[in-house]
1. Considering only region B:256-270, state which residues are under 23 Å from B:Asn138 (Cβ atoms) and either more than 7 Å from chain A (Cβ to nearest Cβ) or in contact with a helix residue (DSSP H, G or I) (Cβ under 6 Å, 6 or more places away or on another chain) (or both).
2. Can B:Glu253 be described as at pLDDT below 95 and within 14 Å of chain A (Cβ to nearest Cβ)?
3. Here is a check on your reading of the model: is A:Glu19 over 25 Å from A:Gly152 (Cα atoms), in contact with a Ser or Thr (Cβ under 9 Å, 6 or more places away or on another chain) and either of a type in the set (Asp, Glu) or assigned to a loop (DSSP other than H, G, I, E, B) (or both)?
4. Filter region A:230-242 for residues that are on the phi < 0 side of the Ramachandran plot and more than 7 Å from chain B (Cβ to nearest Cβ) and give the result.
5. How many residues, within region B:11-38, are surrounded by fewer than 14 Cβ atoms within 10 Å (Cβ to Cβ) and touching a residue at least 12 places away in the same chain (Cβ under 8 Å)?
6. Which one is modelled with the lowest pLDDT, of the residues in region B:88-124 that are part of a loop (DSSP other than H, G, I, E, B) and among the acidic types (Asp, Glu)?
2 protein chains.
Amino acid sequence: MKNSAILLNKRPVGRPTMEDFKFVEQEVPAIKDGEFLLKTLYVSVDPYLRGRMIDAKSYVPPFQLNEPMSSGVIAEVIESKNPKFKIGTFVSGYLDWKEYNVSTGAGLTPVDPNAASITAYLGILGMTGLTAYLGLKNIGSPKQGETLVVSGAAGAVGSVVGQIGKIMGCKVIGIAGTDEKVALLKDKFGFDEGINYKTTDNMTKAIQAAAPNGVDIYFDNVGGDISDAVMFNLNRLARVVVCGSISGYNDTERSVGPRMQWKLISTSSLMKGFTIGDYANEFPHGMETLTTWLAEGKLAYTETIVKGFDQIPQAFLDLFDGKNEGKMIVKI
Amino acid sequence: MKNSAILLNKRPVGRPTMEDFKFVEQEVPAIKDGEFLLKTLYVSVDPYLRGRMIDAKSYVPPFQLNEPMSSGVIAEVIESKNPKFKIGTFVSGYLDWKEYNVSTGAGLTPVDPNAASITAYLGILGMTGLTAYLGLKNIGSPKQGETLVVSGAAGAVGSVVGQIGKIMGCKVIGIAGTDEKVALLKDKFGFDEGINYKTTDNMTKAIQAAAPNGVDIYFDNVGGDISDAVMFNLNRLARVVVCGSISGYNDTERSVGPRMQWKLISTSSLMKGFTIGDYANEFPHGMETLTTWLAEGKLAYTETIVKGFDQIPQAFLDLFDGKNEGKMIVKI
């Protein structure tokens, strides 16, 4: 049986292009005892994958040249020599960008397609939701009545962060890049205020106007000058969850901006990098909380679903133009 | 009785000059019931006072134009109508830059001139020592075997931070601006390594060479490009105590440098601004710990003592040239 796979062809310099990826045809190997064969159903593409395309030490190891790319995937067991993973079982986990993967089950979690839409396990009930919940809770420490600003607010993580901020009693202000996204923040996700950074001249003043009492928590998905503007508005004892920095992922030179030490000192504020892997012991509690909120109708989510295995690289590239609303997923 | 006082004459733009200060002669008022008269003996000058000379919201209120400057002072009671503060008592506290101050005792602490050198209460047993100890302990959280880098290492706070780092089992690397200071770090304060940033071309590489296992804790007294270089060497789960930013206190334009969000994310590191006032409930425990270490000979300190009331402004200005070794004090 033929198996399409997508390999890392080149390490991107600046913005990734289609030439950084290579499509190859392979044979699906026969499964051995203890193994099973998975048919890929949905593939998650995420900004953090950009970091893994370069050869640098980070919290996840880099992709290797001429080896498959990988990310969060939902797949179905279609052949099995492993009694724990019967044919017809759906699983979620990190898998190679291949139409079919062979697995022993290590690192995979069975998912129940009846409990929620199956794609939710790539988003709100997956790493996306856990990132939003555990980052906001552990670093942001939201308290009733505080003001929370979220950048990349219409994105997969940002939209969940804002909703959880509302559940926790915060005033929530979202920053996004189109009027449609800003409308979505307020209409669908219940944000109190939205700011379109592309049509705003002075972001520092716009944030000040939206947050007249100052910013207590900043959940940062973007970095760059948007983050500078938010940080100029930090209150005393503010907390900055540094979760993503998409504005700089494709930079070939180090991004420069105002140094923030003076602001951290004058407000006794905290900035901390958030990496989901540091909070693995909280995943069960996080999943339970998110599942409950979702069932209670307290969490909405959006997905941008693109169709076709060959569309995976383009869907990834489109993230850097903000073409997604919410979680970007490729349906195979 | 005549009383010299030093007022804020102008708000400095950029580097402060003598013209920002004004000397005036006043009359010493007669003391009322409950009050006492203090003769100023020693005045502490500190970089943070620069921040109070401008009219900006910060963790301490700004000085007012044509009103006295103030700072940490050691004084002696020379007249008293307050039974709790008898003639001959020595006190430490925040007092105006005047030869004589009238007080009710609010905010003043009696100090024992026999327990330690009286100037120690402005330094190692005062705000300086408490800043070093409480900042390192609460934000730096040092653990045995970790690597600690201290900037402004030969300064009043930095030299204490390094010694406490050694007490707590860290490898300690200090950054200072003259070869004499670097020698002092190793010979007097027991640092493992010292780097003269003024004679080092590539600070990032120099720190990497001194800290081959990376930097777990950075106690930052200076900000600017020295801090950039240290932060490029942060380990996973590193902690940055942002205590001072002397390199930028006189900037008229916002200092710019590499944005550090990517580094915080890729290492899950933390930066937090430290302000001594946030830890007031730990002062008694901190004083006890520092007094014990000092008595046990575990802490050394240096002072630069300048003589004359009229020398207070110049001593303050000299801080920005690094003319002090350790605590800068003016003896009246």
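The values are calculated or read from the model by the stated rules, or taken from the named source; none is laboratory data. Quick caveat, the model's predicted, so the values are computed rather than measured. So basically every Cβ, Gly included, is an ideal-geometry build from the backbone, and we count neighbours across all protein chains shown.
1. Scanning region B:256-270 gives B:Met260, B:Lys263, B:Ser268.
2. Working: at pLDDT below 95: yes; within 14 Å of chain A (Cβ to nearest Cβ): yes.
In short, yes.
3. On the way: over 25 Å from A:Gly152 (Cα atoms): yes; in contact with a Ser or Thr (Cβ under 9 Å, 6 or more places away or on another chain): no; either of a type in the set (Asp, Glu) or assigned to a loop (DSSP other than H, G, I, E, B) (or both): yes.
No: the conditions fail for A:Glu19.
4. Pass one, region A:230-242, residues on the phi < 0 side of the Ramachandran plot: A:230-236, A:238-242.
A:Val230, A:Met231, A:Phe232, A:Asn233, A:Leu234, A:Asn235, A:Arg236, A:Ala238, A:Arg239, A:Val240, A:Val241 - these are the residues of region A:230-242 that are on the phi < 0 side of the Ramachandran plot and more than 7 Å from chain B (Cβ to nearest Cβ).
5. Restricting attention to region B:11-38, the residues satisfying the condition of being surrounded by fewer than 14 Cβ atoms within 10 Å (Cβ to Cβ) are B:13-14, B:17-19, B:24-25, B:27, B:29-30, B:32-33.
If we keep only those that are touching a residue at least 12 places away in the same chain (Cβ under 8 Å) too, we end up with B:13-14, B:17-18, B:24-25, B:27, B:29, B:32-33.
Selection size over region B:11-38: 10.
6. Restricting attention to region B:88-124, the residues satisfying the condition of being part of a loop (DSSP other than H, G, I, E, B) are B:88-89, B:97, B:99, B:104-108, B:112-117, B:123-124.
With among the acidic types (Asp, Glu) added as a condition, the list becomes B:99, B:112.
Numbers: B:Glu99: 97, B:Asp112: 87.
Step by step, filter region B:88-124, then rank; the result is B:Asp112.
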